[in-house]
Each structure stands twice: as C-alpha cells, then as structure tokens.
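Here the structure is laid out as structure tokens; the discussion comes afterwards.
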Ligand SMILES: Cc1cc2nc3c(=O)[nH]c(=O)nc-3n(C[C@H](O)[C@H](O)[C@H](O)COP(=O)(O)OP(=O)(O)OC[C@H]3O[C@@H](n4cnc5c(N)ncnc54)[C@H](O)[C@@H]3O)c2cc1C
Ligand code: SF4
C-alpha cells in the first residue's frame, strides 16, 4: 500500500521538478494533495496534511492520513459551508505561528513534527498572543480540524481493517457476536 | 392560514409526544402532533454507517455555559431521541420518588412508584421490552414481555469480572425485540443501534406509537418547527405558531396543548412565548421554567484485554449493574448510579469518548479498538437551581428564535459519585482480566431532565402531578422536563410512563379540560 503510493507520489514529485530524494510523509502528502483539492490551494492542502499527520500519527505498516485520502474527505465535507472560512483563516494562523517560532519565513508544513505539535497544542488551548490570531477562533478551528481529520480517517475501510472493526453488518448482523475471546 | 381546530395539539413528537398522540387518539380525541424533524423510513434511510448517521441526525445548535459545559445530544425526528437511543428501559426505584425524605436533598416527587407502576407495565408491553426480572435491586415486578437478549462478548467479559467482585450483573431491560413482536423483526445483533435500527427491532416511538396513533386518526406533521404559543384574553392558550415544511408561518388552534419538545427545547418554546399576560414566558409565574436542568453524571471506562473482545459486535448495551444505585452513607455521597456495558464505532470513540486527546495518545488507544470491554456510568445528578436552560440574548436560529443556552456545573455530590463509579468500573475491568484501564471524561449527555418540574406548590414547580401547567389550564408539559430528580439510571421509560399517565388523565377529564 505505502509502497505503491510512494512510487506514484515520487513520480508526481519528480514530474513537478522536485529534486528531493528523501521524501517525508508531508512531501508525499503535498504531492497527492495538489491535484484533487477543490477548495484549498496546494499550500493550504499541504498544511492540512502536516497537521493531520501529527493528529493521527501512524507507523510504517499502518494506513496513513495520506493513504486514506483524508484531505479529499475534508474537501467534500466543508466545501460550500461556513466551515471553509474557518479553515482558511486557521491554516493561515498556523503559518503565522510558525513564522513567530523561528527566524526567517517559516511555514507550518515545513516544521518538524515536534514543533507542529507544540503549535497545535497552543491553538487547541487558545493560549496565543492576541496579534497572532486576532479573531480568537483558534480553539474552534482546532476542534473542527481534529474532528474532520478523525472522521475522514476512521471512516475508511482500510483503517477498519487495521484496527479490527467490522463495519456494516446488516442484513445478517454479527452471528459471532457472543464468541468468548480465545485464550 | 388557520387549520381546523382539534382537541389536542402536541408539539414535539419524540419519546413522550408520540406516546401522548397514540393514547389521546385511542381515547377518542382528535389529535395533531408536530415535530421539527423529518420522519424516517428505517429501511430506506438508515444504514450501518457511523458517519452517515452522524449526518442525518441533526446537530442541535445550543450555547454551552457553566463550569462544566456539557455537550447535548438530541435528535430532531419523529420519534425524537428514541430513533437514536440504545433503548435501555429502566423503571425508577421506589426511593427515586422520595429523595428529600430519604436523603435530605433535592425534592420528593408529588407521585410515587405505585402511581406509575401500571403505566410502566403498559409501556413495556407496547414496546416489547426484553429483560429478565432477576435484578435483585429492581423494584419487585412481574416478568418482562419478552425474554432477555443473549449477551455479546463485551457483556460476558464484564459479567465475569463483576461476579468475581460479588456484584450482580443482569441483562439490561431493552426496548429491543428478542422475538418477533407486533409485526416487527427481532434484533439480529448488528450492533448499530445508535445509527437507527434498519430491522425495526428497536422500539423507537416513531415505529411503535406513531402508526397506532395514526390508525386512530391522529395527524402527524413532520418538519414543522414550533416558534411559540399564543394566549387569549382569558389566559388560555389559543394557538400554536409554527413554520411549516415549506417555510410558511402557520397557526394551529386546539382546545388543549401539550408541549413535549424535551428538557431543552420545551423551556425554550415556553420562554419564547411571552405576552402581556405572561411577560416572563408561558407557565412561568414561579420563575422556574428552565431552572433545575439535570442530566446524568457521565463517565466511561475502557478495559484493555490481551484478547480480542470485538465489543462492536452485537448489542453493546446488553448488561447493567445496579449494586451502587441506592444511597450508602459509607461512600461519602448520596444516591448512586447504574453501570451499563456499551460500545461505539471508531469515530464516536475517537471524536467523542477520546475527544480530549490526539496524536500518539489517541492512536495508542485506537490501535486497541478490538481489544476493549467498556462500561458506561450513568449517575444521579442532583437538581441545582443554578443549572439552567435560558434563551441566548444574542444568537438566533434560522427562524429568528433565540438559541437555547445550557448552563451546567457539577456539584460536590456529583463529583464524588462520578469518581466512585469510575473506581468501581476499573475494579470490574481488572477482575475480568484487563491489563489496563482507560477512563473517558465523556463530556456529553443525551439524558435531558428538569427545567419544568412537577409539584403541588405552584410557587415551587411548573406543572402539577398530571403535568398540567399551574398557570394555564389548557396547557400540559410532558417530557423529560417535568422530572423532579434525575435518578441513577436512564430516563426514557419513565418519560413514556408519565406520558401515558398524562394522556389517560386528559382522556378521563376531557369533559372538564376540553371546553
Ligand atoms: C445516542 C443516544 C442514546 C440514548 N440511550 C438511551 C437509553 O439507552 N435509555 C434511555 O432511557 N434513554 C436514552 N437516550 C435518551 C432518550 O433519547 C431521551 O431521554 C428521550 O428521547 C427524551 O424524550 P423527550 O420526549 O423528553 O424528548 P425527545 O425524544 O428529544 O423529543 C422531543 C421532540 O421534540 C421535537 N422538537 C423540539 N423542539 C421543537 C420545536 N420547537 N418544534 C417542533 N418540534 C420540536 C424534536 O424534534 C423531538 O423529536 C439516548 C439518547 C441518545 C441520543
Ligand atoms: S443491534 Fe439489534 S436493535 Fe440494534 S440496530 Fe442492530 S438489529 Fe437493531
């Protein structure tokens, strides 16, 4: 699964003229995201995935937020709703905070995971300098971002298989519902 | 445009409203019942799909406030919360009606268990409640209409742990068919009760009561949103004003009106019905409409096992434990709680029960999805005048009706009770062989009570023991909002029993009431 994606992503990246050889998950993400998103710019999509990756961090053999195309889910969900404005504002806010963190024009999606986590924790708690997020929508943005990412991820049959969830069971139900756990 | 005047106009067709519609119609009254939600066809509209269900069950816009703001779950649909509920159908215990006398807190109900007993019987028979009367803590009672459901693995594991501690786990009484009954299919253990039952095995009121109401001539009007009630010069309710399914404002006249919109939306409608005669809202001379909002103290505990439990398979809510239901002074708090097995799909766990964590902590939990047994803890929340439903001064819905604002803080007794319930659930998990336990703060509730409580003193209550407004003779209020205390269990069977009793009273007294 990962392998296939890696190759496709790599081809896309290469086609776009990237010289990077060591592809991080985020770079993969941006490669996939740039094409399908109808509401986010390439950079915004990259930012969403950079957040998704630390909200739902997965291991090598587990389906990642990119594999299950969380971005596409969010895209479909918030298109044409007022949530979109919240996201656009929030994503810009993440970049502003990233800029405050270090010297030079740094963007959220370029930060290492630990710093992305630190920023998201501040946004979640709303403990932000006022001028970094004037509207104060940070905690609401984080809640919606987290919620949508979780929805997109855990509604995927790939993920169901990974965590051992059976999903839909009608119209026969679960005949083995009462099986005693095997010792 | 005014519609033909009817005997009884019911606003809200949920757990209580549908029962009222059937019982009043069967009693020979002409009935119209409005609900702001749609009417679902289970086979066509429901799926075994968590995300899909979250979308069709409208999220209510409610402003949350207080020290412990609590997320409110309710369902806009004919059938109300019962479309979505897990159908645990508990009777109150005798002590629940006498909390003031026994424990020196809260208030006594103006009625007793004996007053409700025949109505509990009737509702259980109509719903086809499946259960077993072996619960040593339950009120003395006859057999349930249907035999209990087989326990799923989660319930079996927890039963074993509880028995090791000397507790008394019993099959939960469920308004879910264990045999074919009343033309409906029995449950086939699909495990999707929260998503709406496609098999029609779950006895939601839209499936059980609404068709019977219609068979007796009641008219059910989905997608009609109530705005307010209008009174005439004599101080009686004259008309119900609503927005119909096509967005037009309409008036419905009736001889008698029953508000059954649940403990958040009922006070909202009453407080929104101001007039010269009733400047602080309808039925509110006591000032208590919206006061004493209660839910049940909530918590959940997961036990991680070494072997797969697959708790999502089968009826998750199969087992209850009521050893800690009654007051025991040694525990340092009054009243108690019911422990109930439960489980949910991955999104509900990750966004709801584990909504407070993310990153590695969330994923470490979710990797164990198939390995947890789980207990839900539903405890008594003592009434507190400061816990309220009010109209938000600024925010309005799309019809210009102020949004409800729910202000809630746990009291000291609730905090102690909750901590005790978590401790006991952890002990059960360990006794069952769990390698570790994980607690969830579970900051949401669907058990909405209080806000128009019943009593005999018009200055200290909103309705009389038959759910009739003290102030307005042709106005009844009948749903979770009339509760005086919340009990350590689930409210719906009692809401339905009260509705049956109220309808009986209206039918019996029609010569006086319908003039
Ligand atoms: C997931 C879930 C699980 C649950 N599990 C259980 C359980 O196992 N056991 C249990 O006892 N309880 C359970 N409950 C709670 C149960 O659903 C409620 O206690 C019950 O439905 C409340 O009944 P009610 O008549 O007071 O209000 P509701 O059932 O909420 O009915 C009120 C109705 O009024 C309508 N309405 C509201 N405002 C207006 C308006 N302005 N105009 C027109 N219509 C309006 C609403 O659409 C709704 O249909 C659960 C609830 C949920 C959501
Ligand atoms: S578990 Fe039973 S009652 Fe629940 S939805 Fe499935 S068939 Fe219906």
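Scoring residue B:392 on the criteria (1) over 25 Å from residue B:16 (Cα atoms); (2) in contact with a helix residue (DSSP H, G or I) (Cβ under 8 Å, 6 or more places away or on another chain); (3) not in a helix (DSSP H, G or I) leaves a single failure, condition (2). If I filter region B:305-319 for residues that are out of contact with any helix residue (DSSP H, G or I) (no Cβ under 6 Å at 6 or more places or on another chain), away from ligand 1 (no atom under 11 Å from the Cβ) and away from every other protein chain (no Cβ under 14 Å), do I get at least one hit? Checked against the condition, which is being out of contact with any helix residue (DSSP H, G or I) (no Cβ under 6 Å at 6 or more places or on another chain), away from ligand 1 (no atom under 11 Å from the Cβ) and away from every other protein chain (no Cβ under 14 Å), region B:305-319 yields no hits at all. Listed by position, the strands (runs of 3 or more DSSP E) inside region B:147-264 whose residues that are more than 25 Å from residue B:316 (Cα to Cα) and at pLDDT 95 or above number at least 3 are B:219-221, B:225-231, B:237-243, B:249-259. Residue count for region B:134-166, restricted to those that are loosely packed, with under 15 Cβ neighbours inside 10 Å, out of contact with any strand residue (DSSP E or B) (no Cβ under 9 Å at 6 or more places or on another chain) and farther than 25 Å from residue B:429 by Cβ: 3. Per the listing B:492, B:502, B:485, B:456, the residue uniquely surrounded by fewer than 24 Cβ atoms within 10 Å (Cβ to Cβ) and on the phi < 0 side of the Ramachandran plot is B:456.
Restricting region B:346-360 to residues that are in a helix (DSSP H, G or I) and within 8 Å of chain A (Cβ to nearest Cβ) leaves a set whose member that is nearest to residue B:54 (Cα to Cα) is B:347. So, residue B:58, is that one away from every other protein chain (no Cβ under 14 Å), within 15 Å of ligand 1 (Cβ to nearest atom), surrounded by fewer than 20 Cβ atoms within 10 Å (Cβ to Cβ) and modelled with pLDDT under 95 or not? Judged against the criteria, residue B:58 is a match. Residues in region B:167-186 that are crowded, with 24+ Cβ neighbours inside 10 Å and more than 13 Å from ligand 1 (Cβ to nearest atom) were compared, and the one that is farthest from residue B:35 (Cα to Cα) is B:169. Only one of the numbered conditions (1) part of a loop (DSSP other than H, G, I, E, B); (2) surrounded by fewer than 24 Cβ atoms within 10 Å (Cβ to Cβ) is not met by residue B:77, and that is (2). Of the residues A:97, A:128, A:111, A:140, the single one that is within 20 Å of residue A:55 (Cα to Cα) and under 16 Å from the mean Cα position of the chain (by Cα) is A:111. Note on region B:157-186: residues that are within 16 Å of ligand 2 (Cβ to nearest atom) and within 14 Å of chain A (Cβ to nearest Cβ) total 6. Taking (1) touching a strand residue (DSSP E or B) at 6+ places or on another chain (Cβ under 9 Å); (2) part of a helix (DSSP H, G or I); (3) buried (at least 17 other Cβ atoms within 10 Å of the Cβ) in turn, residue B:7 satisfies each apart from (2). In the set A:126, A:152, which member is in contact with a helix residue (DSSP H, G or I) (Cβ under 9 Å, 6 or more places away or on another chain), on the phi > 0 side of the Ramachandran plot and away from ligand 1 (no atom under 16 Å from the Cβ)? So the residue among A:126, A:152 that is in contact with a helix residue (DSSP H, G or I) (Cβ under 9 Å, 6 or more places away or on another chain), on the phi > 0 side of the Ramachandran plot and away from ligand 1 (no atom under 16 Å from the Cβ) is A:126. Tally up the residues in region B:187-201 that are more than 16 Å from ligand 1 (Cβ to nearest atom) and more than 10 Å from every other protein chain (Cβ to nearest Cβ), please. Number of matching residues: 1. Restricting to region B:480-493, give me the number of residues that are over 18 Å from residue B:298 (Cα atoms) and near ligand 1 (Cβ under 8 Å from one of its atoms). Within region B:480-493, residues that are over 18 Å from residue B:298 (Cα atoms) and near ligand 1 (Cβ under 8 Å from one of its atoms) number 2. Identify the residue in region A:161-183 that is at pLDDT 95 or above and more than 7 Å from every other protein chain (Cβ to nearest Cβ) and, among all such residues, is surrounded by the fewest Cβ atoms within 10 Å (Cβ to Cβ). Only one residue tops the list, namely A:161.
Please verify whether residue B:334 is more than 30 Å from residue B:241 (Cβ to Cβ), more than 14 Å from chain A (Cβ to nearest Cβ) and assigned to a loop (DSSP other than H, G, I, E, B), treating the condition exactly as stated. Yes; evaluated as a whole, the condition is true for this residue.
The values are calculated or read from the model by the stated rules, or taken from the named source; none is laboratory data. Note that this is a predicted model, so its numbers are computed, not measured. So basically every Cβ, Gly included, is an ideal-geometry build from the backbone, and we count neighbours across all protein chains shown.
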